[in-house]
Amino acid sequence: MALSLAIPVRSTVQAPRGLRGQLAKGGKPLPTTLPWRTVDVFCGCGAGVLIAVARHRGCTRAALREGDVGERGAEEFFPKTEFQESATSAKIPCEPAIRIGHGYDIHRMLPRDEPEGWGKCSPQPAVIGGVTFEEFPLGVVAHSDGDVVYHSTIDAILGALGLPDIGQLFPDNDPRWRGANSEQFFDEAVRLMGLRGYRIGNVDVTIIAEKPRLAARKADMKDNLVRICDTIPARVNLKARTHEKMDSVGECRALECHACVLLEKA
Ligand SMILES: Nc1ccn([C@@H]2O[C@H](COP(=O)(O)O)[C@@H](O)[C@H]2O)c(=O)n1
Ligand SMILES: C[C@@]1(CO)OP(=O)(O)OP(=O)(O)OC[C@H]1O
């Protein structure tokens, strides 16, 4: 489903009375002044955080609300039939043909042979780009599986779309995500990208880790990125670097990752 979203010309505007009435049927009070700057966000995510909905089908159909709507996705919270036509008279420029995003993530690493001493910070086997390094003596401290490659790429996609970051969509105090396979977060980011009418132009990832040695596993990581991003190998690149033994990453106390994505109109 391709969406053309309204980018308003004013920073705030009074929501039309009819629209407020329709939205209020969702069971939540609505602000009387809506931050229309955020109306170019579409988020019908499984995590349940609805930021905005805007559609263009000849005329504008827009609904907007910030906040947690529980486990319901945007589509359910604002059923299509309840959308109000002509929510704004602002001109509706097309979405750009391309959008760029950057993501970054870092996680602590700790020895796995003394996990009880760390309590809530117990290190888990390192998962990097969807590949588990079972034989590696250090583990990653995270709420989920702590996959820095997936987390940074997810944030790059969300950033390109102007959406909230991974921690907002999947809070690290939510027990549902404890030890979670980050592929489910990634799937959601890719789903949101598709809803907005974009696909991967290309992805470029740089992992910075003194250890483990990644060279032999990079092909598997790339395969995972290609699969989850629903793209082709020529559009995904994954690099590794040490931190030349300096600072936390160089001293094997952390590993980090940067990701850049270019999205293009599908
Ligand atoms: N954890 C890592 C880090 C780096 N590599 C590969 O080693 C090459 C040299 O890295 P430098 O940081 O010393 O420039 C580089 O080409 C990486 O692909 C690795 O496999 N695992
Ligand atoms: C993925 C989440 C959610 O479990 O937690 P972590 O695994 O700790 O990872 P991080 O990269 O710190 O951020 C996003 C979090 O909300």
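List, in order, the whole-Hz ³J(HN,Hα) value for each residue of region 249-258 obtained from phi through the Karplus relation with A = 6.51, B = -1.76, C = 1.60 and θ = phi - 60°; use x for Gly and Pro.
5, x, 9, 6, 9, 7, 9, 9, 7, 10
Taking amide H positions as placed 1.01 Å from N in the peptide plane, with prolines and chain starts having none, which residues 5 or more places from GLY201, or on another chain, fall under 5 Å of its amide H?
Result for GLY201 returns LEU262, LEU263, GLU264.
Quick check: at a probe of 1.4 Å, how many percent of the accessible area of region 98-265 sits on carbon and sulfur atoms?
52 percent
Sorted by mean Cβ packing within 10 Å, highest first, what order do the peptides 97-109, 186-198, 170-182, 154-166 take?
The densest-packed peptide leads the list: 154-166, 186-198, 97-109, 170-182.
Which of the three applies to region 119-245, rounded, prolate or oblate, going by the alpha-carbon gyration tensor with a ≥ b ≥ c and a/c under 1.5 meaning rounded?
oblate
Just how far, in whole angstrom, is region 124-150 from region 200-266 if you go by their alpha carbon centroids?
Computed from Cα coordinates, the inter-centre distance equals 13 Å.
Taking 25 °C and 0.890 mPa s as the conditions, I'd like the Stokes-Einstein D for region 221-266 in µm²/s, using the Kirkwood hydrodynamic radius from alpha carbon pairs.
Rounded, D is 192 µm²/s.
HN-Hα J couplings of region 224-241 from phi, Karplus 6.51/-1.76/1.60, θ = phi - 60°, integer Hz, Gly and Pro as x?
Couplings: 4, 5, 4, 5, 5, 6, 6, 9, 10, x, 5, 9, 10, 10, 9, 10, 10, 9 Hz.
Quick one: Karplus J couplings for region 102-112, per residue in order, coefficients 6.51, -1.76, 1.60, θ = phi - 60°, nearest Hz, x for Gly and Pro?
10, x, 9, 8, 9, 9, 5, 10, 9, x, 7
Relative to the compact globular guide of 2.2 N^0.38 Å, what is the alpha carbon radius of gyration of region 187-231, as a ratio?
Working it through for region 187-231, the quotient is 1.39.
The values are calculated or read from the model by the stated rules, or taken from the named source; none is laboratory data. These numbers were taken from a predicted model, which means no experiment stands behind them. Neighbour counts are summed over all protein chains in view; Cβ atoms, including those assigned to glycine, are modelled from backbone coordinates with ideal geometry. SASA here: full protein model, heavy atoms, side chains in, ligands and nucleic acids out. Shrake-Rupley method; radii C 1.70, N 1.55, O 1.52, S 1.80 Å.
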